[in-house]
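Here's the structure we're looking at; comments come further down.
The values are calculated or read from the model by the stated rules, or taken from the named source; none is laboratory data. What you see is a predicted model, and the numbers here were worked out from it, not measured in a lab. Glycine gets a Cβ as well: all are built from the backbone with ideal geometry, and neighbour counts include every protein chain shown.
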Amino acid sequence: DTEVTQTPKHLVMGMTNKKSLKCEQHMGHRAMYWYKQKAKKPPELMFVYSYEKLSINESVPSRFSPECPNSSLLNLHLHALQPEDSALYLCASSPRQDYYEQYFGPGTRLTVT
Amino acid sequence: AQSVTQLDSQVPVFEEAPVELRCNYSSSVSVYLFWYVQYPNQGLQLLLKYLSGSTLVESINGFEAEFNKSQTSFHLRKPSVHISDTAEYFCAVSDQGDYKLSFGAGTTVTVRA
């Protein structure tokens, strides 16, 4: 299995809702990443988990809360989002944090109304 | 972290014509170089990578890129494009040993019949 899966594919939520994005990989990778991508822009790194511990938080607002329950799974909990948070959220993984190649999932298209 | 410049934001090209996408990065320290492709409404897929060795790298679908250390460039080429090559192309660079991928702004390639 050489892919990163993400669910749901699309999500529409109101500003008062709580929702979660899920990412899964079964490649034995020990580093996992969340990126945010706005239309026609490159991905922006949000969080890095290394060996199930939060390693990097790129000054992301607290309304985004990551969680890594085990080495295969990465969640992003969303609460009280703003319309400007609407974007494509990409998950990626790599064998370890300082490994050169990241494998990306297909993304979750989030719309905040 | 690296600064990555993709010199062309949009490249229209006719089917079966050649295409070149330009990428320059800021530092001459040891780097890893990548080209990712993003088809409409999809995640990022790794197209090709330079880690070490031969400065000319090739992908399975006819793309090639050449690492030029003196010019800090990693331009992407394809001698004959197909309609299916219509996509967004991102150049990305990481310093060896660094977790962070620095992306260029992206180049939109539109192939017309």
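Just one residue in the set B:GLN42, B:GLN6, B:GLN2 is within 14 Å of chain A (Cβ to nearest Cβ), more than 12 Å from the chain's Cα centre (by Cα) and closer than 24 Å to B:ASP95 by Cα; that residue is B:GLN2.
Suppose the filter is at pLDDT below 95 and either buried (at least 22 other Cβ atoms within 10 Å of the Cβ) or hydroxyl-bearing (Ser, Thr, Tyr) (or both); does B:THR110 pass it? When the stated conditions are applied, B:THR110 does not pass them. Candidates A:SER62, A:SER55: the one that is out of contact with any helix residue (DSSP H, G or I) (no Cβ under 9 Å at 6 or more places or on another chain) and surrounded by fewer than 14 Cβ atoms within 10 Å (Cβ to Cβ) is A:SER62. Might you let me know whether the stretch A:60-71 holds any residue that is away from every other protein chain (no Cβ under 14 Å), within 14 Å of the chain's Cα centre (by Cα), of a type in the set (Phe, Trp, Tyr) and within 27 Å of B:PHE34 (Cβ to Cβ)? Yes - at least one qualifying residue is present in the stretch A:60-71.
Assessment of the stretch A:73-90 against the conditions (loosely packed, with under 14 Cβ neighbours inside 10 Å and either part of a strand (DSSP E or B) or in contact with a helix residue (DSSP H, G or I) (Cβ under 8 Å, 6 or more places away or on another chain) (or both)) yields at least one matching residue. Name the residue that is surrounded by the fewest Cβ atoms within 10 Å (Cβ to Cβ), counting only residues in the stretch B:78-107 that are closer than 11 Å to B:VAL37 by Cβ and acidic (Asp, Glu). The selected residue is B:GLU88. Report yes if B:VAL57 is surrounded by 19 or more Cβ atoms within 10 Å (Cβ to Cβ), on the phi < 0 side of the Ramachandran plot and more than 14 Å from the chain's Cα centre (by Cα), otherwise no. No.
Counting the residues of the stretch B:74-93 that are among the charged types (D, E, K, R) and within 14 Å of chain A (Cβ to nearest Cβ) gives 1. Against the list (1) among the polar types (S, T, N, Q); (2) crowded, with 16+ Cβ neighbours inside 10 Å; (3) not in a loop (DSSP other than H, G, I, E, B), the condition A:GLN97 fails is (3).
In the set B:VAL37, B:VAL31, only one residue is within 29 Å of A:GLN6 (Cα to Cα), among the β-branched types (Val, Ile, Thr) and within 14 Å of chain A (Cβ to nearest Cβ); that residue is B:VAL37. Tell me, yes or no, whether the stretch A:61-69 has at least one residue that is modelled with pLDDT of 95 or more, in contact with a His (Cβ under 7 Å, 6 or more places away or on another chain) and of a type in the set (Ser, Thr, Tyr). Yes, because at least one residue in the stretch A:61-69 is modelled with pLDDT of 95 or more, in contact with a His (Cβ under 7 Å, 6 or more places away or on another chain) and of a type in the set (Ser, Thr, Tyr).
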